[in-house]
Amino acid sequence: MSSPVLVVDDDPDIATILCDRLRTMGHETLTAHDGQAALLLLEQELPGRVFLDLVIPKINGIEVLRRIRKEWPDLPVIVMTAYGTISRAVEAMKEGATDFITKPFDTDHLKIVTEKALERRIET
């Protein structure tokens, strides 16, 4: 069994939908609803990949990404963004995000991004 996938989103409906889709693809999931909880969870159980919303409470997604890159530089981080915040996704890519997906999620694209992130983790 591969490492779990951490989903970080403050919208419980979006987090639930994403976790359900990931579980359907055979992945165990963990959930955090703010940046501080995400970082604490990362210290307790390092996941195989992270899906990270950029607009989350306590510690924003960009800062969480920066801290992940500092502590776990090889951990794949897929940024989640709404269509209106593509420029923020580009900023996140510059900060070291592995990839990004837009909300609402396209199941086929989600599967491709998830597999690609896993391959990058294995290669490093």
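The values are calculated or read from the model by the stated rules, or taken from the named source; none is laboratory data. Since this is a predicted model, take the numbers as computed values, not measurements. Cβ: placed from backbone, ideal geometry, glycine included. Neighbour counts: every protein chain shown.
Points to keep in mind about this one:
- Neighbours by Cβ (under 7 Å, 6+ apart or cross-chain): first from segment 77-96, over 12 Å from Leu52 (Cα atoms) and basic (Lys, Arg); second assigned to a strand (DSSP E or B) and modelled with pLDDT of 80 or more: Arg88/Thr81
- If you filter segment 32-61 down to residues that are free of Cβ contacts under 8 Å to residues at least 60 places away in the same chain, under 14 Å from the mean Cα position of the chain (by Cα) and more than 22 Å from Arg88 (Cα to Cα), you find that the one that is surrounded by the fewest Cβ atoms within 10 Å (Cβ to Cβ) is Leu46.
- Test: residue in segment 100-123 that is farther than 20 Å from Asp11 by Cα and not in a helix (DSSP H, G or I): no
- Filtering segment 63-88 to residues that are crowded, with 20+ Cβ neighbours inside 10 Å and outside any loop (DSSP other than H, G, I, E, B) leaves Val64, Leu65, Ile68, Val77, Ile78, Val79, Met80, Thr81.
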